[in-house]
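Read the figures in this text as sums done on the coordinates, not as results from a lab. Computed from a prediction, not measured in an experiment: that's the story for all the values here. All Cβ positions, even for glycine, are placed from backbone atoms using ideal geometry, and neighbour counts span all protein chains on display.
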Amino acid sequence: MTRPTVTGLILAGGRARRLGGVDKGLVDFAGKPLIEYVIEGLRHQVERLLINANRNADRYRDYGFPVIADDLTNFQGPLAGVATALRRVETDYLLTAPCDGPRLPRDLRERLMTALADSAAKAAVAHDGNRAQYAFALLHRDCGESLSAYLDSGERSIRGWFATLDPAVADFSDKPEAFFNINRPTDLAAPGIARQGQRIKSSTGSYNPTPGRCRAQPDEP
């Protein structure tokens, strides 16, 4: 049997309101931009790799992979990036991951593909033992039509769309830490990753991640 082909999609097109609106993928985390961890973890699991970004496209292109912006404007959420990729993908499947998951599982594709093989579903999501991690998903390219219709109806909930798909579930309860992500400035000072008080910089802002004193600071001109 021919091995299914997979395109990886790194979702870096969000507004990151809880981080003060900086471009999250370019935020420095323990010495390098967040997206570099995800590239390193995903690139060897897929045949092709895309980056979904709605700003700083040139910075992202420097990593050597195609960059696509949402077809929808005004930061419509992660599904907008997924829909855009599904319209362009030429492989059998799309494997998605957020740009702020530095501990991305190295067996993400393998486990999601195994879950799909054991079901009749066209999509599979990771489950950390506590909840589904919808941004870590494997989607057959045929899911694009369903997603376009969902977005056209005005819906934007990633959980809501996956509920319409009845996806297969891949168990990652043995490694829940793999789904650690960055939502707030305090996350940048996670134990064992970054020291409290370390200055965290990005292309669009900087932070001093001291608990209780975290706030965005604009870059100097």
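Some observations on this one:
- Answer residue from the range 109-128, given it is within 19 Å of the chain's Cα centre (by Cα) and among the small types (G, A, S) and is nearest to L42 (Cα to Cα) among those: A126
- Check on R61, under 15 Å from the mean Cα position of the chain (by Cα) and surrounded by fewer than 19 Cβ atoms within 10 Å (Cβ to Cβ): no
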